[in-house]
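Novice: Quick one: the structure is below, questions incoming.
Please treat every number below as a calculation from the coordinates, not as lab data. Bear in mind the structure is a predicted one, so any value in this text is a computation, not a measurement. As a convention, Cβ positions derive from the backbone with ideal geometry for all residues, glycine included, and neighbour counts pool all protein chains shown.
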2 protein chains.
Amino acid sequence: MAAFARMVKGQVRNYSAPLDMAIPASKQKYIPSSGSYPKGFLVSGTHVGVKASNTKFPDLALISSETPCSAAAVFTTNKFQAAPVQVSKKTLESRQGQGIRSVVINSGCANAVTGKGGLEDAVNMGKKVDECNGLSEPSTIVMSTGVIGQRLPISKILNKIPTAHENLASTHDAWLTTARAICTTDTFPKLLSRTFTLPSLAGMTKGAGMIHPNMATLLGVLCTDAPIDPSALQSLLKHAVSRSFNSISVDGDTSTNDTDILTSFAQSLSQLVVRDGEGATKFVTVRVQNSPDYESARLIASTIARSPLVKTALYGRDANWGRILCAIGYTQGVVPGTVVPERTSVSFKPVDGSPVLKLLVNGEPEQVDEERASVILQEEDLEIVVDLGGGEKGEEGLGGEEAVYWFCDFSHEYVTINGDYRT
Amino acid sequence: MAAFARMVKGQVRNYSAPLDMAIPASKQKYIPSSGSYPKGFLVSGTHVGVKASNTKFPDLALISSETPCSAAAVFTTNKFQAAPVQVSKKTLESRQGQGIRSVVINSGCANAVTGKGGLEDAVNMGKKVDECNGLSEPSTIVMSTGVIGQRLPISKILNKIPTAHENLASTHDAWLTTARAICTTDTFPKLLSRTFTLPSLAGMTKGAGMIHPNMATLLGVLCTDAPIDPSALQSLLKHAVSRSFNSISVDGDTSTNDTDILTSFAQSLSQLVVRDGEGATKFVTVRVQNSPDYESARLIASTIARSPLVKTALYGRDANWGRILCAIGYTQGVVPGTVVPERTSVSFKPVDGSPVLKLLVNGEPEQVDEERASVILQEEDLEIVVDLGGGEKGEEGLGGEEAVYWFCDFSHEYVTINGDYRT
């Protein structure tokens, strides 16, 4: 029980954003103190009180463009699609990705599995924003995040949309407040901006729960003043999201420059989600190298990243490479011949640039320096390198494919947050 | 933080079996006080001290038949197969499933990823048992369970095998001690016996970690005095295991009587593993009904059973059916048309026989009586019923397929156990 007490100690965090907005000291470094935002966008974060317990913190975000925009979106693949997802999809389709002026987002309630009434609520949120802009055609993307299965307090929201519209501004503070307004169990607002030779790019995201794509607990908004055709925008976004948000995974393949900029930006933004993973104490990169194909490497990386045994071992700061190996060994769907025990190596790569710590070399366990392992595992950041030792047998093991995944550990606090989220 | 404190309180358990064999009061009911065991089998549980910290509790199990047996086995599909798995496979192959006399099992060390030395250790364990029986041909199945990547203290084990052989007995106490000797993080020995019109059947199992099949943390031994041909035995075992241990899942299809007996026995035995799930506070049955095919129902049941969000909600006694729905919606690989939101219903079936609590009916949320939900969720046992509302569209929704899965919740203690298992 000593170990239990040790692990529980220091795990206190303010996970219920609307009740306490104090940002943990360890997360302050991820919050920008200034930014350079795309021209022509105005944003606001406003208090509604979607959750009755939230008496003062912003929970309604409005992002507005001064002129009509090209817009693209990727949505959850879950068969139970929330009302705002259905409504926004329809809006984008009917407008063919053009003429979009606003994104309106509430936190505190997901408006999911809410039947026909929920669909009407989502439509009305968009309509109200369009009214404020003097528009009659649907020009607003609607998003909601929070608890499932409860109706929105729609009157409260509709009443506050004009205020949100009046609050619109282009300052750094406005962007930060807006990023805060979309948070749920997040401990800090996730906001990034970058200026390139020509256009600017800004984005915000929320998500601290399950980081796997199918759970669809992520919301993200990217804004740019670069003039892009709607069809190009959709394919750019798809590419970037598949290598960032869509499972917080990234491969090492090359692509066009334009795509690279967006992909790299989306990766940085999506990593913030892992940094704020529910109850997370670690930020872990897993790199699977020398695979015969990218997809097998990605499957192995994703299996390691999702293993509760690996995640709890990392939380316990235990160099338990056996569990990593176990996850490699049970990964489903890899190309035959990808995983050969005698060719598999596993090591920890410390973030301070000191030499890697070899745990397994060609299937044989190393005599691990447990003291050094313990020092490495004290750090928040860690990279796990899995070397599959080549492509197909006989290929000399060189030039194989690589996949990278980012994930966090599994803590007591994760259980606390999710065992008591709804109440 | 009050909720956190509440949940942590009362979560103390003696999970480290070798250090404290005290069995929690709540688990006493799963331990038989007598049994009727198959004729001709002798068993023993002996202290070796595979883990140096274990100074007195049995950690070497020997199961011996007085005459040569037909034997069959199913092994992990993990690509990293432990030395005893490789050795036992070879033994069964070379003996063609006949002439097997013993099973020897140590706990405390899995002899996995231990290279050539580990293979020799496993061979030597079997040889030593055969020597005690005066046999020169390999006639012993070898198993090991515990930490991965460490060599066995093989001299200690070989020295104690003659003692284990001398200890062999057919009493209930001997069976119980033997079942205890194969435990690791288990809190109670898992032993079952049944007598039918003709033969007897006895079995023991261990496993309290991941209950999903690919993790292969389960060990199980079934003994019967029924005369069965080796080839029939292998297919009987495969059928029974796929519907019990192999993911602790079971379908509702019918089969031959012989198979039913073994399957039903294996189900009862495998349910004990869920009862002793690491950190478990709940025993949950999920029944997915009216699916167009069995496999889709099984995939959905398995996805719900593995969802950390569902498992933590159950731990927190939260009737969060949104998470169940979410898991249904993101299940991969189901036949198209299986999941139709407007046709999906979810309910809780209390174990006391009182009426079901409807949570979602044909895609529309019910006004849930939260007080009743809370009462139902106080119980250790719960059944979740997911009704997919029919086969393919137009089939009237009747006569669909059904799959059942058993699983446990995800608690703070699970994190404690697995964050601090190796040390």
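Novice: If we restrict to alpha carbons, what Rg and Dmax does segment B:30-208 come to, in Å?
Specialist: Rg, Dmax (Cα atoms, Å): 15.3, 47.
Novice: In addition: Where Lys and Arg each count +1 and Asp and Glu each count -1, what net charge lies around A:Leu357 among other residues with Cβ under 13 Å from its Cβ? Before the final figure, lay out the partial values.
Specialist: On the way: positive: A:Lys349, A:Lys358, A:Arg372; negative: A:Asp352, A:Glu366, A:Asp369, A:Glu370, A:Glu371, A:Glu379, A:Glu383.
Taking every other residue near A:Leu357 into account, the sum is -4.
Novice: How long are the semi-axes of the equivalent ellipsoid of segment A:45-150, taking √(5λ) for every eigenvalue λ of the Cα gyration tensor, in whole Å from largest down? Please report the intermediate quantities before stating the final value.
Specialist: Numbers: eigenvalues 95, 62, 25 Å².
With the √(5λ) rule applied to segment A:45-150, the semi-axes are 22, 18, 11 Å.
Novice: Taking A:Leu135 in one copy and the same position in all the others, each labelled 7 Å out along Cα→Cβ, what are the pairwise distances from the first, in nm, shortest first?
Specialist: So the label point of A:Leu135 gives 7.9 nm to the other copies.
Novice: A follow-up question, please. Roughly what % antiparallel, to the nearest 5, for the DSSP beta bridges in segment B:30-208?
Specialist: Looking only at bridges with both residues in segment B:30-208, the antiparallel portion is about 70 percent.
Novice: Net charge near A:Ala181: determine it from the other residues with C-beta under 10 Å of the C-beta of A:Ala181, scoring Lys and Arg +1 and Asp and Glu -1.
Specialist: Values: positive: A:Arg180, A:Lys206; negative: A:Asp59.
In short, +1.
Novice: Taking K and R as +1 and D and E as -1, what net charge do the other residues with C-beta under 11 Å from the C-beta of A:Leu299 add up to?
Specialist: On the way: positive: A:Arg298, A:Arg306; negative: A:Asp293, A:Glu295.
Computed value for this residue: 0.
Novice: Here is a further query. For A:Arg275, B:Arg323, what ranking results if the residue with the fewest other Cβ atoms within 10 Å of its Cβ goes first? Mind showing how you got there, number by number?
Specialist: On the way: A:Arg275 21, B:Arg323 25.
Fewest to most other Cβ atoms nearby, the residues stand as A:Arg275, B:Arg323.
Novice: What relative contact order, as a whole-number percentage, does segment B:283-419 give when Cα pairs under 8 Å and 6 or more residues apart are counted?
Specialist: It rounds to 43 percent for segment B:283-419.
Novice: Under the convention of a label 7 Å out along Cα→Cβ, give the distances in nm from A:Pro162 to the same position in every other copy, shortest first.
Specialist: Label-point distances to the other copies, shortest first: 9.6 nm.
Novice: Follow-up. Report, for B:Gly333, each distance to the same residue's label point in the other copies, shortest first and in nm; define the point 7 Å along Cα→Cβ.
Specialist: For B:Gly333, the inter-copy label distances come out at 0.9 nm.
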